[in-house]
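Written below as structure tokens is the structure these notes are about.
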Amino acid sequence: MDGGGSSKRSFIYIDDASTATYLVSTRGKVGSTYHISTDKIVSIRKLVKIISKMTKIKFQRLVNITSDRTGKDVSYNLSSKKIRQELNWKPRINLEDGLTKTLRWIDYNSIFLKKEKFHYIHKR
């Protein structure tokens, strides 16, 4: 966890993101920019703590705290006001429900996932 997980983000469930993307591609104004985000901003640390509680895995087992990457943004605060007003879109799945659905998907697909290599290297 870079920098102790203090960075903040708006996490959005994939179904909400894909619905918004579809609306932009079919009903959005050509040349316009639409930000897709929720109104809930949480730190990476808080997100991992929520996952820790949901999975009953100790927080310390889920993280490897490192120093922040050079040039890393502390927060991304995007306003989704335009897509909400122009295309009548809003996220339907809250963070906790989205995490529950994601964890269920992982459980359901665990046999396949165990065959995959999971070594992430961030772009430099």
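The values are calculated or read from the model by the stated rules, or taken from the named source; none is laboratory data. Values in this document were obtained by computation on a predicted structure and should not be read as measured data. Cβ: placed from backbone, ideal geometry, glycine included. Neighbour counts: every protein chain shown.
Scanning segment 103-114 finds one or more residues that are in a loop (DSSP other than H, G, I, E, B) and modelled with pLDDT under 95. Looking across segment 87-106, the residues that are among the basic types (Lys, Arg) and closer than 18 Å to LYS40 by Cβ come down to LYS90, ARG92, LYS101. Considering segment 2-45, and only residues there that are in contact with a Ser or Thr (Cβ under 6 Å, 6 or more places away or on another chain) and of a type in the set (D, E, K, R), the residue that is modelled with the highest pLDDT turns out to be LYS8.
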